[in-house]
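Accompanying notes for the structure given below.
Nothing in this text is a laboratory measurement; each read-out follows from the coordinates by a stated rule. Treat the numbers as computed from the prediction; the structure is a model and nothing was measured. Here the Cβ is made from the backbone with ideal geometry for all residues, glycine too, and neighbour counts use every protein chain on show.
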Amino acid sequence: MEQQRPRVLVVGGTGTIGRAVTECLADSYEVIVAARGGGDVQVDASALDSIHAMFAAVGTVDAIVSAFGRAVTGGVGALSTSDIEATFTGKVLPQLNLARVGLGHVRDGGSITLTSGVLSKEPVAGFAAVGMANGAIDGFCRAAAADLGDRVRINCVSPVFVLESGPDRQRLGLDDSLLQTAAETALAYRTAIESGLSGVNFDPRQARAGHPAAAQAPDRA
Ligand SMILES: NC(=O)c1ccc[n+]([C@@H]2O[C@H](COP(=O)([O-])OP(=O)(O)OC[C@H]3O[C@@H](n4cnc5c(N)ncnc54)[C@H](OP(=O)(O)O)[C@@H]3O)[C@@H](O)[C@H]2O)c1
């Protein structure tokens, strides 16, 4: 009898990073793709009711990956209060709500992986609110891991700029250390699921350095 594959819910699984995560997991997992449009199940993670409805449709999973989040770009002098609020409600709050609600739908020993980003640790001019959002997600995962113990692991991945997203390398002054493909980035999500670790910020560049599967040196702040 064929063994059932572990089930992974990828919210934002139709996006640039989410699609690569889905492809990266497809050989060993049953992947359920969620997004506002498209995918296997529809969710708007900015609405709590919609998150509850998604889990009612999907049931229990072994892992949740969050690969969505909208942030407003701009230097600190150009940001308005509503830009900062929009970044919080676009990137931080829905991921935290997904994790909070998702806890009740992940089997014991399973995992939740959120998405932050490199810009809170290695700032680039023009991304002050993005840095704020990334730092908030990192901090939440570390603190929540202390609450959750072994029941459910919670981590985040902090991508650098993804080549397929077409970052303006010249304008932003990006060198190769801040650029990766979506496929390289996706390996870090798989590592987070399979690592057995919790409260860790996974940096996808360590996968590119030649340790694709779980050879990360975790960044515990
Ligand atoms: N791309 C990069 O260079 C980069 C670098 C560092 C960090 N990141 C972070 O990585 C995450 C994903 O980025 P990405 O470039 O892959 O984004 P993307 O290509 O725009 O894809 C976003 C995905 O999330 C879904 N989505 C958007 N809002 C949603 C909502 N409210 N509820 C549920 N699903 C929603 C989208 O589908 P629908 O529109 O159909 O909902 C899509 O599947 C973001 O947090 C981003 O800040 C990206």
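Worth pointing out:
- In sequence order, segment 142-157 has phi-based couplings of 5, 5, 5, 4, 5, 5, 8, x, 8, 4, 9, 7, 9, 9, 9, 10 Hz under the Karplus curve 6.51 cos²θ - 1.76 cosθ + 1.60, θ = phi - 60°, and Gly or Pro positions carry x.
- Neighbour-count order for 91, 121, fewest beta carbons within 10 angstrom listed first: 121, 91
- Extent of segment 106-193 along its three principal axes (Cα atoms, max minus min coordinate, largest first): 46, 26, 16 Å.
- Axis of helix 182-194 versus longest Cα principal axis of the chain: the two differ by about 50°, to the nearest ten degrees.
- Size of electric dipole in the chain: Cβ of Lys, Arg +1 and of Asp, Glu -1, about Cα centre, debye, nearest 20: 200
- Share of Cα-Cα pairs in segment 14-73 lying beyond 20 Å, as whole percent: 25
- Stretch gain in nm, segment residue 46-residue 70, where the contour uses 0.36 nm per residue and the Cα spacing is subtracted: 7.6 nm
- Distance between modelled label sites at residue 83 and residue 30, nm, 7 Å Cα→Cβ extension: 4.5
- Over segment 7-208, volume per residue of the alpha carbon convex hull, in Å³: 109
- The sum of -39500 (n - 2.57) across all DSSP H runs of n ≥ 4, divided by the residue count of the chain, sets its helix-only mean residue ellipticity at 222 nm to -10500 deg cm²/dmol.
- Rel. contact order, % - alpha carbon contacts under 8 angstrom, at least six apart, segment 7-208: 21
- Short-range pairs are left out: with C-alpha atoms under 8 Å and at least six residues apart, the relative contact order of segment 94-192 is 29 percent.
- Taking GluC sites (Glu not before Pro) across segment 1-35, the ones in a DSSP loop with at most 14 further Cβ atoms lying within 10 angstrom of their Cβ are 2.
- Geometric extent, Cα atoms of segment 67-125 - Rg, Dmax (angstrom): 14.3, 45
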